[in-house]
1. Which condition number does Arg292 fail, the rest of (1) part of a loop (DSSP other than H, G, I, E, B); (2) surrounded by 14 or more Cβ atoms within 10 Å (Cβ to Cβ) being met?
2. Show the residue pairs that are 6+ apart or on different chains and have beta-carbon atoms under 7 Å apart, the first residue being within segment 206-222 and under 14 Å from Leu327 (Cβ atoms), the second being outside any helix (DSSP H, G or I) and of a type in the set (S, T, N, Q).
3. Name the residues in segment 1-20 that are within 13 Å of Gln35 (Cβ to Cβ) and either of a type in the set (Val, Ile, Thr) or over 28 Å from the mean Cα position of the chain (by Cα) (or both), would you?
4. For Glu333, are the conditions met, namely being in a loop (DSSP other than H, G, I, E, B) and either modelled with pLDDT of 90 or more or open to solvent by less than 30 Å² (accessible area, probe 1.4 Å) (or both)?
5. Scan (1) out of contact with any strand residue (DSSP E or B) (no Cβ under 8 Å at 6 or more places or on another chain); (2) part of a helix (DSSP H, G or I); (3) at pLDDT below 95; (4) not small (Gly, Ala, Ser) for the single condition Thr311 breaks and write down its number.
6. Kindly indicate whether Pro236 is touching a residue at least 12 places away in the same chain (Cβ under 8 Å), open to solvent by 10 Å² or more (accessible area, probe 1.4 Å), in a loop (DSSP other than H, G, I, E, B) and of a type outside the set (Asp, Glu).
7. Based on what the data block shows, is Ser52 among the polar types (S, T, N, Q) and closer than 15 Å to Glu169 by Cβ?
Amino acid sequence: MLKGKHIVLGITGGIAAYKSAYLLRLLIKAGAEVQVVMTPAAKEFITPVTLSALSGKPVVSEFFTANTGEWHSHVDLGLWADAMVIAPATASTIGKMANGVADNMLVTTYLSAKAPVFVAPAMDLDMMAHPSTCRNLQLLKSYGNHIIEPATGELASHLVGKGRMEEPENIVKILDAFFEKSQSLAGKRVLITAGPTYEKIDPVRFIGNYSSGKMGYAIAEEAASRGAEVTVVSGPVSLSVSNPAIKVVKIESAKQMLDACAERFPSSDIAVMCAAVADYAPAHSSDKKIKREGHDAPVIELVKNPDIAKTLGGMKRKEQVLVGFALETDNEEVNAQGKLSSKRLDMIVLNSLRDAGAGFGTDTNKVTIYTADGRRLPFDVKSKAEVASDILDTIESL
């Protein structure tokens, strides 16, 4: 899967930089085209001459060549890459990446990269365990970067602990698996609902909920990264998509969402009902703002909104996969499994407001997946990007 891929290999100033030469050789052997970008400190550990000989390209380290003034464009490098791998990644570089400190060519290339970024930390065990390093790595993960966890073993200090850069062979396997997964949904059409619905009371008031849409949009990005053609039917949110393979259809009410989904579901291979659809809507809405002065408090009569997942379940063909979500506060498992059956779903994703790190507005989620073939798959608290990957992996297993 690496044949013909453009890889930017970032090397920072740590003793593990000697492994980067072997990693570079393996990438070239796998058919990748590799551009090495080094920090100035990295050149203290391994020479650009060695890396240039292995890659067949001049090594980039500075913003320009001192004797000619030739400019090295970090923007062009960021656009050229199919992936960026930073191995080894020191605590210093990780901190700069996490906080946008663009004081060298490697970090500016990272900030310009449109492709996925893989970070392989390497440092002493105390630095690895320091709260600032843990925070910075968590920040990088929240941005969508892939962290290649370091191994445990003897370190440069001769202490034993976690901090050894992952072996080059394993890094190549991780990259190969990533690119293989990037085509796993090629040719598939995926329909996703996201965000809240607003049910109008009058021109300025509505019944809604706290959904941010982050989970649905994360699933959309993950599906698109796997080669799918994605349509998001989105309630009112402040999010945007980065992948051009994602089309967003904006709606406001549950009925509008149903109409948009019913129109697109027949041509979809997979549908993921992630939106927090309002269960009820006002029976009547005013076309003028309801005034407080001189009037009694209005009585709002509610009617049930359509059940979008259940409606699509009634339309579903055997070869389609339909996924629902259940946000519960009590009797979670019973309620989720009841919806799985009654709505003719192939899979349902349960999250509970009683779990820390789950629910509306957070950047993390904690889910349990139930499938119609009887599987129960519990997961720990993860970023919503990682949860999206778990959800798509389970859909693919169906």
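The values are calculated or read from the model by the stated rules, or taken from the named source; none is laboratory data. Note that this is a predicted model, so its numbers are computed, not measured. Here the Cβ is made from the backbone with ideal geometry for all residues, glycine too, and neighbour counts use every protein chain on show. Each accessible area value is taken on the protein alone, full model and side chains, heavy atoms only, with ligands, DNA and RNA left out. Shrake-Rupley method; radii C 1.70, N 1.55, O 1.52, S 1.80 Å.
1. (2)
2. So the pair list comes out as Gly213/Ser234; Met215/Asn365; Gly216/Thr193.
3. Selection gives Ile7, Val8, Ile11.
4. No; evaluated as a whole, the condition is false for this residue.
5. Against the list (1) out of contact with any strand residue (DSSP E or B) (no Cβ under 8 Å at 6 or more places or on another chain); (2) part of a helix (DSSP H, G or I); (3) at pLDDT below 95; (4) not small (Gly, Ala, Ser), Thr311 comes up short only on (3).
6. Yes: the conditions hold for Pro236.
7. Answer is no for this residue.
For (1) touching a Pro at 6+ places or on another chain (Cβ under 7 Å); (2) crowded, with 18+ Cβ neighbours inside 10 Å, each residue gets a yes or a no:
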residue	(1), (2)
Pro116	no, yes
Ala120	yes, yes
Gly144	no, no
Glu149	no, no
Gly187	no, no
